[in-house]
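J.: Next up is a structure, given as structure tokens.
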Amino acid sequence: MRRPSSKFGAGRAGISLAWPALAGCVAAGAAVLTACAASDTPPAAGPRVLKVAHRGGAGLAPENTLAAFEVGLAHRADLLELDVHLSKDGQLVVVHDASLARTTNLSGEVADYTAAELAAADAAAKFVGPAAAGPQPIPTLAQVLALASGRAGVQVEIKVRSDRSRYPGIEAKVVDALRSHAMLAEAVVMSFDFPTVREVKRIEPRLRTCALISTTHLSSIGRLEPARIADEIVGLGAEYVGVNHAGLTEALFAALTGRGLRVGVWTVNDPADMRRFAAQGVAFITSDRPDLLQQAIG
Ligand code: G3P
Ligand code: CA
């Protein structure tokens with residue numbers, strides 16, 4: 001299957017194969033993975049781990065705002081991670097929660113407001129951080145893509161409503177937005193909701209997708225049966241798996257990579273952990289602190 005070429009994505013599989021020492025360790029089994037990575041394969045000699053700015057850089061600026069995405073870009077993130085919902089008038093808007101109270105000066109649900117009303121809100125209202133960013137609108141996906149275009153890739157996470165139902169048609173809207181900004185090759189579309197991941201791949205097979213795995217999901221099945229979760233994700237057609245870093249055991253890493261999946265971890269804010277995961281051979285590391293990520297793994 002032909003994929004759009006990209007400095008952010010298309011070469012990653014090839015680069016992974018060019019790290020033969022680690023590939024051999026994986027083939028040898030999970031028990032030796034850490035030892036192999038630590039003794040035989042310095043990260044500098046292997047594939048470059050993609051640096052992902054979580055919600056733009058939520059530890060440095062109000063999450064999912066244009067100010068945060070500028071921070072992520074300033075610290076040379078390879079990809080900006082962001083979360084999308086649909087507004088009342090069907091626009092893709094960038095905000096993490098389905099309800100607005102935690103991060104903004106509004107209450108109620110994202111889906112209760114038009115994109116214009118959300119643009120007039122203050123997404124920095126609840127931010128407690130190192131520097132005052134001033135009031136920030138809730139941006140549209142189009143605004144974030146325009147900011148990122150030519151500077152970084154994007155990880156677009158499709159969220160669900162508070163009642164866990166899907167926004168009808170959101171997958172096609174995300175694909176259309178990436179197409180219209182010519183960013184199919186620089187994007188990965190993700191979700192914790194596996195039918196959403198499957199639907200994105202159905203709509204646009206060239207678009208890379210990522211299934212997200214929480215510790216809740218792992219404690220229900222994954223921790224006990226890594227092979228089962230790997231099979232399920234392969235069945236979605238996803239190229240990537242994003243695992244809560246607290247749940248990435250060596251057995252799970254081996255099961256996922258053994259099925260050809262590229263494994264990333266979120267949300268990693270401790271530099272020692274960043275270096276450890278880079279040595280393990282993850283495909284990407286997602287952090288609220290793109291400054292520390294840049295210092296830790298370059
Ligand atoms: O990158 C994955 C991560 O963003 C998923 O968790 O809750 O921050 O959206 P959350
Ligand atoms: Ca997210």
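The values are calculated or read from the model by the stated rules, or taken from the named source; none is laboratory data. Remember, predicted model here, so these are calculated numbers, not experimental data. FYI the Cβ positions are ideal-geometry reconstructions off the backbone, even for glycines, and counts take in every protein chain you see. Heads up: the accessible areas ignore ligands, DNA and RNA and are worked out on the full protein's heavy atoms, side chains in. Shrake-Rupley method; radii C 1.70, N 1.55, O 1.52, S 1.80 Å.
J.: In square angstrom, what is the accessible area per residue of the stretch 43-103 with a 1.4 angstrom probe?
T.: Values: 1850 Å² over 61 residues.
Roughly 30 Å² per residue, with all protein chains present.
J.: Okay, which of the stretch 136-175 sit inside 19 Å, backbone N to the point 7 Å along the Cα-Cβ direction of ALA116?
T.: 137-143
J.: Using the crude model of +1 on Lys and Arg Cβ and -1 on Asp and Glu Cβ, and no other charge, please compute the dipole size for the stretch 74-183 relative to its Cα centre, in debye to 20. Before the final figure, lay out the partial values.
T.: Working: 11 positive and 13 negative charges, 33 e Å.
Approximately 160 debye in magnitude.
J.: Between ASN105 and SER219, what's the calculated FRET efficiency when r is the beta-carbon distance and R0 is 25 Å? Round to 0.05. If you can, show how the numbers build up before the last one.
T.: Details: r = 36 Å, r/R0 = 1.43.
So the FRET efficiency works out to roughly 0.10.
J.: I would also like to ask the following. Ranked from highest to lowest mean number of other Cβ atoms within 10 Å per residue, what is the order of the peptides 58-70, 194-206? Working shown, then result.
T.: On the way: 58-70: 25.5, 194-206: 17.8.
Order by mean packing, descending: 58-70, 194-206.
J.: HIS245 accessible area, nearest 10 Å², 1.4 Å probe?
T.: Roughly 60 Å² of HIS245 is accessible to a 1.4 Å probe.
J.: Next question, about the same structure. With a 1.4 Å probe and every protein chain kept in, tell me what percent of the accessible surface of the stretch 204-255 is carbon plus sulfur.
T.: 54
J.: Under a plain spin-label model, where a point goes 7 Å from the Cα along Cα-to-Cβ, how far apart in nm are ILE203 and ARG164?
T.: About 2.3 nm, to one decimal.
J.: Could I ask something else about it? Show the residues, 5+ positions off or on another chain, whose built amide H is closer than 5 Å to the amide H of GLU239.
T.: When sequence neighbours closer than 5 places are left aside, the close amide H contacts are THR209.
J.: Could I ask something else about it? Probe of 1.4 angstrom, ligands and nucleic acids ignored: what's the accessible area per residue over the stretch 175-246, in square angstrom? Could the numbers behind the result be given before it?
T.: Details: 2750 Å² over 72 residues.
Here the per-residue accessible area is 38 Å².
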